[in-house]
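Chemist: Sharing a structure, written as structure tokens. Questions coming.
The values are calculated or read from the model by the stated rules, or taken from the named source; none is laboratory data. This is a predicted model, so every value here is computed, not measured. For neighbour counting, all protein chains shown are included, and Cβ atoms are generated from backbone atoms with ideal geometry for every residue, glycine included.
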Amino acid sequence: MGIRQLAPWTALGFSLLVGCTGAPPGGQDTPSATTPAVEALDSELSGPPPVGLAIEIENGVGKPLQVRAGQRFYVEQIDLRAFVNSSVDDGLASLIASPVASGLAWGTPRVADEEPVLLPNPDNTFTVRRYYRGSPWMNLPSWFVIEQLDAAGRVVAAPSISGTGLDGVMTPFDDFFIRRLHGIQYLNNCPAPNNCTGATSFQEEALLELRNAIGPKRTFTIAPTTTQLRVRWTADWSRPTIIPVTQVAAPPYAYGFNIELAALTPPAPDGTYAPGQDITFQVTLKDGAGNRLHAPGTLPSYFEAAVLGANPGGINYYRAFFDPTTTYYRRKHRERNFTAEILGPLQKVQPIRTIIQVPQFFAPTQVVALPERDGVYAEAVIFPQAKIFQGLFDPLHAAWFEPGSDQWTFHLPANAEPGTYVVTVKSRRTYLGEDVARTTTLEIQVGSPTVTSANLATGNCATCHSGGGSLSNILHANPNRATCSGCHAPLAFELEGPVYVRSHFIHSRSGRVDTALTRCATCHLTKAGIQRTSKSACLSCHKSYPDSHVAQYGPVTSMYVGDYFNPEGSFQQCTTACHQNHPGSGL
């Protein structure tokens, strides 16, 4: 199993294809000499490694970039969004007719999925999102051409070209492991999650997300005279975007991101911690050169880092309040959650199915799983501790202005089982054009010095996830799958939290898996691994089930877990008698 590959295209064929898009034949839009290209090649062979560049365009306006002067880059991430507001429920018609998106080949987009936002709006109405696919601009390959311009608008370097690629097929000009191209309609004031009768507020958007560059990475160096980038997209070539560029000669921090994690509470002489013990930890965020991004003992306030986005070191916090996210369909990479968890013992690690309710997020830490209930212990903290949700529900948002702490305490339960526990911190940094995730894990022994390990029921991930798409690069940049469950539990406002729900959903929608989705053996290692059936397991991939199931278990109301009206029931095992295997599972 893998991602299908096409035979390499010739450089001539590619140049002809780009030429057909309407690229200008010459003049100011073409470099007058080959010197920049030669210099770029020399730069690739020497000097510091290139940095991934993140580009953002909203309704045709490019977000200004600050970059280190003379830095070598490759395009790591492109976020492009066009949107309109409407007072009528017309699908995407208002967007398609608008100046910001009329240049795209829309064809007849179809509704692929629909899901409500589970938390009500302040006025007790609900927002429902419809996800559209099927337009030519979403399905056909296209390219981004990025040119460097000086203050007079003259091209000063060879262009950089990045390809969007196709679902299910990789070509040498497909530059991103993750591609998302679709439309979304927001029905903003529905009287109920399943009823939008009378709604009068709508938003329609076209969304493109490209991220995680796959090798070899085509690099370019920012020329000394570059003051702007001109970005052209072959799907809408006549509408170029200008992105202002400011070059910083001596920035206070380096590119790159590292997380250091330490236990401040010392273990017993035999290296263990005892059940029932409190353990205090400290996190330190550093740039790639080892410089601290915050003063010892403190972290920036939520207002500084998330609301203003002005933290000088580039520290990020959860910000989906301001830029909504949803698994697969919308900007999970921009959620920027900074969290820590403890999970164990490793030999008992398994998916957590207990729903975490909103009031738990007001506590300094959230108990996610209990041994007697979930078979494993998990506790988590969101930075800055307890301030995000406290500030959200306070009209004055007072907690958002308070500095955070880089220390926190996890509380081992008295019945903690002996073994190896993992403490994991994940965060994201945005700095001078770079948007990068990092995760670090510390192992501790609880109740016994004997090291234990996880026995996961799935594997084979590296068959597809290699190179730029490896688990050490994508998502949280965390290749250790045994550490995921402590944070990825179902949340009352995000039921699709468990990894098995997200994995089923993403792989069934993306189109990039080149084997039958029914073949469970692609990821599952044994037949026992597919024995626990539930709505959340089955309906995170399947979109429907038989009428007999509808009559007995209710209709499918959630694209993620099957039923958002009875979420607890979505995670309960359906049966041990009927679903003992899956047709075509290979197990």
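Chemist: Regarding GLY288, is this residue closer than 29 Å to GLN66 by Cβ, in contact with a Leu (Cβ under 8 Å, 6 or more places away or on another chain) and either surrounded by 13 or more Cβ atoms within 10 Å (Cβ to Cβ) or without any contact (Cβ under 8 Å) to a residue 40 or more places away in the chain (or both)?
Modeler: Details: closer than 29 Å to GLN66 by Cβ: yes; in contact with a Leu (Cβ under 8 Å, 6 or more places away or on another chain): no; either surrounded by 13 or more Cβ atoms within 10 Å (Cβ to Cβ) or without any contact (Cβ under 8 Å) to a residue 40 or more places away in the chain (or both): yes.
Against the criterion (closer than 29 Å to GLN66 by Cβ, in contact with a Leu (Cβ under 8 Å, 6 or more places away or on another chain) and either surrounded by 13 or more Cβ atoms within 10 Å (Cβ to Cβ) or without any contact (Cβ under 8 Å) to a residue 40 or more places away in the chain (or both)), GLY288 does not qualify.
Each row is one residue, and each column tells you yes or no for (1) part of a strand (DSSP E or B); (2) surrounded by 15 or more Cβ atoms within 10 Å (Cβ to Cβ); (3) touching a Leu at 6+ places or on another chain (Cβ under 8 Å).
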| residue | (1), (2), (3) |
| --- | --- |
| ALA250 | no, no, no |
| THR280 | yes, no, yes |
| PRO312 | no, no, no |
| PRO324 | no, yes, no |
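Chemist: Against the definition (surrounded by 15 or more Cβ atoms within 10 Å (Cβ to Cβ), of a type in the set (Gly, Ala, Ser), under 29 Å from PHE338 (Cα atoms) and modelled with pLDDT of 90 or more), how does GLY486 come out, yes or no? Steps first, please.
Modeler: Values: surrounded by 15 or more Cβ atoms within 10 Å (Cβ to Cβ): yes; of a type in the set (Gly, Ala, Ser): yes; under 29 Å from PHE338 (Cα atoms): yes; modelled with pLDDT of 90 or more: yes.
When the stated conditions are applied, GLY486 passes them.
Chemist: Another one. Given the conditions (1) touching a Pro at 6+ places or on another chain (Cβ under 9 Å); (2) at pLDDT 95 or above; (3) within 18 Å of VAL423 (Cα to Cα); (4) not charged (D, E, K, R), and given that VAL501 satisfies all but one, which numbered condition is not satisfied?
Modeler: It fails just one condition, (3).
Chemist: When segment 561-587 is examined, which residues are found to be part of a loop (DSSP other than H, G, I, E, B), in contact with a Ser or Thr (Cβ under 6 Å, 6 or more places away or on another chain) and buried (at least 17 other Cβ atoms within 10 Å of the Cβ)?
Modeler: VAL561, ASP563, TYR564, CYS574
Chemist: Could you please let me know if ASP113 is assigned by TED's automatic domain parsing to the domain that holds ALA69, of a type in the set (Asp, Glu) and either part of a loop (DSSP other than H, G, I, E, B) or touching a Cys at 6+ places or on another chain (Cβ under 7 Å) (or both)? Write out each step before concluding.
Modeler: Numbers: assigned by TED's automatic domain parsing to the domain that holds ALA69: yes; of a type in the set (Asp, Glu): yes; either part of a loop (DSSP other than H, G, I, E, B) or touching a Cys at 6+ places or on another chain (Cβ under 7 Å) (or both): no.
Judged against the criteria, ASP113 is not a match.
Chemist: Can I ask one more? Restricting attention to segment 356-366, and to residues there that are buried (at least 17 other Cβ atoms within 10 Å of the Cβ) and within 23 Å of VAL561 (Cα to Cα), which single residue is modelled with the lowest pLDDT? Quick ask: steps written out before the conclusion?
Modeler: Just the residues of segment 356-366 that are buried (at least 17 other Cβ atoms within 10 Å of the Cβ), to begin with: 356, 361, 365-366.
Still in the running and within 23 Å of VAL561 (Cα to Cα): 356, 361, 366.
Details: ILE356: 95, PHE361: 92, GLN366: 95.
Checking each candidate, the answer is PHE361.
Chemist: Just a yes or no: is a residue in segment 524-536 closer than 20 Å to GLU114 by Cβ, touching a Gly at 6+ places or on another chain (Cβ under 8 Å), of a type in the set (S, T, N, Q) and outside the structural domain of ILE382 (by TED's automatic domain parsing)?
Modeler: So the first thing to find is which residues in segment 524-536 are closer than 20 Å to GLU114 by Cβ, and the list is 535-536.
Within this subset, residues satisfying the condition of being touching a Gly at 6+ places or on another chain (Cβ under 8 Å) are 535-536.
Narrowing further to those that are of a type in the set (S, T, N, Q): 536.
Subset that is outside the structural domain of ILE382 (by TED's automatic domain parsing): 536.
The answer is yes; a qualifying residue exists.
Chemist: So, one more: State which residue is surrounded by the fewest Cβ atoms within 10 Å (Cβ to Cβ) when the search covers only segment 174-206 and only residues that are over 23 Å from the mean Cα position of the chain (by Cα) and hydrophobic (A, V, I, L, M, F, W, C). Spell out how you get there, then give the answer.
Modeler: Taking segment 174-206 and keeping what is over 23 Å from the mean Cα position of the chain (by Cα), we get 187-202.
Imposing the further condition that a residue be hydrophobic (A, V, I, L, M, F, W, C) reduces the set to 187, 190, 192, 196, 199, 202.
On the way: LEU187: 20, CYS190: 21, ALA192: 12, CYS196: 20, ALA199: 20, PHE202: 21.
Taking the candidates together, the pick is ALA192.
Chemist: Go through the residues of segment 193-211 one by one and say whether even a single one is at pLDDT below 95, within 22 Å of GLY107 (Cα to Cα) and among the charged types (D, E, K, R).
Modeler: no
Chemist: Restricting attention to segment 117-149, which residues are surrounded by fewer than 18 Cβ atoms within 10 Å (Cβ to Cβ) and under 28 Å from THR164 (Cβ atoms)?
Modeler: Matches in segment 117-149: GLY134, PRO136, ASN139, LEU140, PRO141.
Chemist: What residue, of PRO555, PRO546, is surrounded by fewer than 12 Cβ atoms within 10 Å (Cβ to Cβ) and either without any contact (Cβ under 8 Å) to a residue 60 or more places away in the chain or at positive phi (or both)? Full working, then the answer.
Modeler: Working: PRO555 fails: surrounded by fewer than 12 Cβ atoms within 10 Å (Cβ to Cβ).
Within the list PRO555, PRO546, the selection yields PRO546.
Chemist: Against the definition (under 27 Å from PHE73 (Cα atoms), among the aliphatic types (A, V, I, L, M) and either over 22 Å from the mean Cα position of the chain (by Cα) or not in a strand (DSSP E or B) (or both)), how does ALA268 come out, yes or no? Full working, then the answer.
Modeler: Working: under 27 Å from PHE73 (Cα atoms): no; among the aliphatic types (A, V, I, L, M): yes; either over 22 Å from the mean Cα position of the chain (by Cα) or not in a strand (DSSP E or B) (or both): yes.
In short, no.
Chemist: Same structure again: Quick test of your reading of the structure: LEU181 fulfils all but one of (1) within 30 Å of GLY314 (Cβ to Cβ); (2) not in a strand (DSSP E or B). Name the failing condition by number.
Modeler: Here LEU181 meets the rest and fails (2).
Chemist: Give me a count of the residues in segment 237-273 that are aromatic (Phe, Trp, Tyr) and under 23 Å from THR227 (Cα atoms). Break it down into steps so the answer makes sense when it comes.
Modeler: As a first pass, look at segment 237-273 and keep what is aromatic (Phe, Trp, Tyr): 237, 253, 255, 257, 273.
Narrowing the set further to residues that are under 23 Å from THR227 (Cα atoms) leaves 237, 253, 255.
The number of residues fulfilling the criteria is 3.
Chemist: Right, something else. If I filter segment 70-86 for residues that are at pLDDT 95 or above, farther than 22 Å from GLN247 by Cα, β-branched (Val, Ile, Thr) and part of a loop (DSSP other than H, G, I, E, B), do I get at least one hit?
Modeler: No; the residues of segment 70-86 include none that is at pLDDT 95 or above, farther than 22 Å from GLN247 by Cα, β-branched (Val, Ile, Thr) and part of a loop (DSSP other than H, G, I, E, B).
Chemist: I'd like the residue in segment 466-475 that is in a loop (DSSP other than H, G, I, E, B) and surrounded by fewer than 21 Cβ atoms within 10 Å (Cβ to Cβ) and, out of all such residues, is farthest from the chain's Cα centre (by Cα).
Modeler: So the first thing to find is which residues in segment 466-475 are in a loop (DSSP other than H, G, I, E, B), and the list is 466, 470-475.
When the remaining residues are screened for being surrounded by fewer than 21 Cβ atoms within 10 Å (Cβ to Cβ), the result is 466, 470-472, 474-475.
On the way: SER466: 18, SER470: 14, LEU471: 12, SER472: 14, ILE474: 8, LEU475: 5 Å.
Looking at the filtered set, the residue picked out is SER466.
Chemist: What are the residue pairs meeting all of these: first residue in segment 475-492, first residue touching a residue at least 40 places away in the same chain (Cβ under 8 Å), second residue hydroxyl-bearing (Ser, Thr, Tyr) and part of a loop (DSSP other than H, G, I, E, B), Cβ atoms under 8 Å, and 6 or more apart or on different chains?
Modeler: If the second residue must be hydroxyl-bearing (Ser, Thr, Tyr) and part of a loop (DSSP other than H, G, I, E, B), the pairs left are ASN478/SER472; ALA482/SER453; ALA489/THR354; PRO490/THR354.
Chemist: I need the full set of residues from segment 97-116 which are closer than 16 Å to PHE202 by Cα and either in contact with a helix residue (DSSP H, G or I) (Cβ under 8 Å, 6 or more places away or on another chain) or crowded, with 19+ Cβ neighbours inside 10 Å (or both), in order please. Reasoning before the result, please.
Modeler: Just the residues of segment 97-116 that are closer than 16 Å to PHE202 by Cα, to begin with: 97-98, 111, 114-116.
Within segment 97-116, GLU115, PRO116 meet the criteria.
Chemist: Taking the condition part of a strand (DSSP E or B), assigned by TED's automatic domain parsing to the domain that holds ARG81 and of a type in the set (D, E, K, R), does ASP123 pass? Working first, answer last.
Modeler: Details: part of a strand (DSSP E or B): no; assigned by TED's automatic domain parsing to the domain that holds ARG81: yes; of a type in the set (D, E, K, R): yes.
When the stated conditions are applied, ASP123 does not pass them.
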